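Colleague: Pasting a structure below so you can have a look.
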Amino acid sequence: MKTFFTICFLLLTNSLLAADVAEISKGYFSINQQGMMLLGSWALLNILLSAAVVMLYKQPNTHFFLMNIYWNIVNLSIAAYAYWSATNPKMLNHAFEILQESAQMQAILLLNTGLDIAYIIGGFWLIERAKNTIKKPERLKGFGQSVIMQGAFLFVFDLIMYIVHRNHILAYNDWFLQL
């Protein structure tokens, strides 16, 4: 008899929680969609402006702009796939799934901020290396400047995405604690 009441209670509780779970899940995927729209817009703008500079000015020292194009083709690909994934999400039906998905995303974003710092350091290394080479120093310098700029943007982007995801889950902290 106790098992019967437990099952009834769990079924009733689960149906009441389903609306909250759907709302939290929708918010999670909305954050990802908006973030990927921003990243994709940044990438597309970089590709178009950099390509225009390379084609219009035809200067030999366009390495900064060429690296912007290369870098942002990757960014645009990542943003497009991640946006598509966020618009076709797997349904998160349980509070535990939402917490797990959010924790994984936050961990990825923090890891990315570390990589972004490494990109910036790598860009400064390329610029420094350009000072001590006779073989295409302008290319190393241009690539380094681009990597610093792209790394700085990604650092700010990943950090903001981490904070937004973290705040989204924390906003429901009391709800999760009642489970």
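The values are calculated or read from the model by the stated rules, or taken from the named source; none is laboratory data. The model shown is predicted, which means the values in this text are computed figures rather than measured ones. Using ideal geometry, Cβ is built from the backbone for each residue, glycine included, and neighbour counts are taken over all protein chains shown.
Colleague: Can you confirm whether S25 is within 29 Å of Y83 (Cβ to Cβ), modelled with pLDDT of 80 or more and either of a type in the set (V, I, T) or touching a Leu at 6+ places or on another chain (Cβ under 6 Å) (or both)?
Modeller: yes
Colleague: Same structure again: Anything in segment 141-169 that is modelled with pLDDT under 95 and of a type in the set (A, V, I, L, M)? List them, or say none.
Modeller: Once the filter is applied, which keeps residues that are modelled with pLDDT under 95 and of a type in the set (A, V, I, L, M), segment 141-169 yields only I169.
Colleague: Please go through segment 63-72 and pick out each residue that is of a type in the set (A, V, I, L, M, F, W, C) and touching a residue at least 60 places away in the same chain (Cβ under 8 Å).
Modeller: Scanning segment 63-72 gives F64, F65, L66, M67, W71.
Colleague: Out of everything in segment 85-141 that is hydroxyl-bearing (S, T, Y) and part of a helix (DSSP H, G or I), what residue ends up being nearest to Y172 (Cα to Cα)?
Modeller: S102
Colleague: Can you tell me how many residues in segment 56-86 are surrounded by 14 or more Cβ atoms within 10 Å (Cβ to Cβ), at pLDDT 90 or above and among the small types (G, A, S)?
Modeller: Selection size over segment 56-86: 3.
Colleague: Please go through segment 73-114 and give me each residue that is free of Cβ contacts under 8 Å to residues at least 24 places away in the same chain, closer than 19 Å to Q150 by Cβ and of a type outside the set (V, I, T), ordered by number.
Modeller: Answer for segment 73-114, where residues must be free of Cβ contacts under 8 Å to residues at least 24 places away in the same chain, closer than 19 Å to Q150 by Cβ and of a type outside the set (V, I, T): S77, Y81, L111, G114.
Colleague: Out of segment 87-110, which residues are more than 15 Å from I31 (Cα to Cα), modelled with pLDDT of 85 or more and not hydrophobic (A, V, I, L, M, F, W, C)?
Modeller: Answer for segment 87-110, where residues must be more than 15 Å from I31 (Cα to Cα), modelled with pLDDT of 85 or more and not hydrophobic (A, V, I, L, M, F, W, C): just Q100.
Colleague: Do the conditions hold for I127, that is, is it within 16 Å of H63 (Cα to Cα), touching a Gly at 6+ places or on another chain (Cβ under 9 Å) and surrounded by fewer than 19 Cβ atoms within 10 Å (Cβ to Cβ)?
Modeller: yes
Colleague: So which residues in segment 30-46 are surrounded by fewer than 19 Cβ atoms within 10 Å (Cβ to Cβ) and not polar (S, T, N, Q)?
Modeller: Across segment 30-46, the qualifying residues are I31, M37, L38, W42, L44, L45.
Colleague: OK, next. Scan segment 38-95 residue by residue and report those that are charged (D, E, K, R) and more than 22 Å from the chain's Cα centre (by Cα).
Modeller: Passing the criteria: only K58.
Colleague: What are the residue pairs meeting all of these: first residue in segment 117-144, first residue touching a residue at least 12 places away in the same chain (Cβ under 8 Å), second residue loosely packed, with under 15 Cβ neighbours inside 10 Å and in a loop (DSSP other than H, G, I, E, B), Cβ atoms under 8 Å, and 6 or more apart or on different chains?
Modeller: Qualifying pairs under 8 Å: E138/P60; E138/N61; L140/T133; G142/N61.
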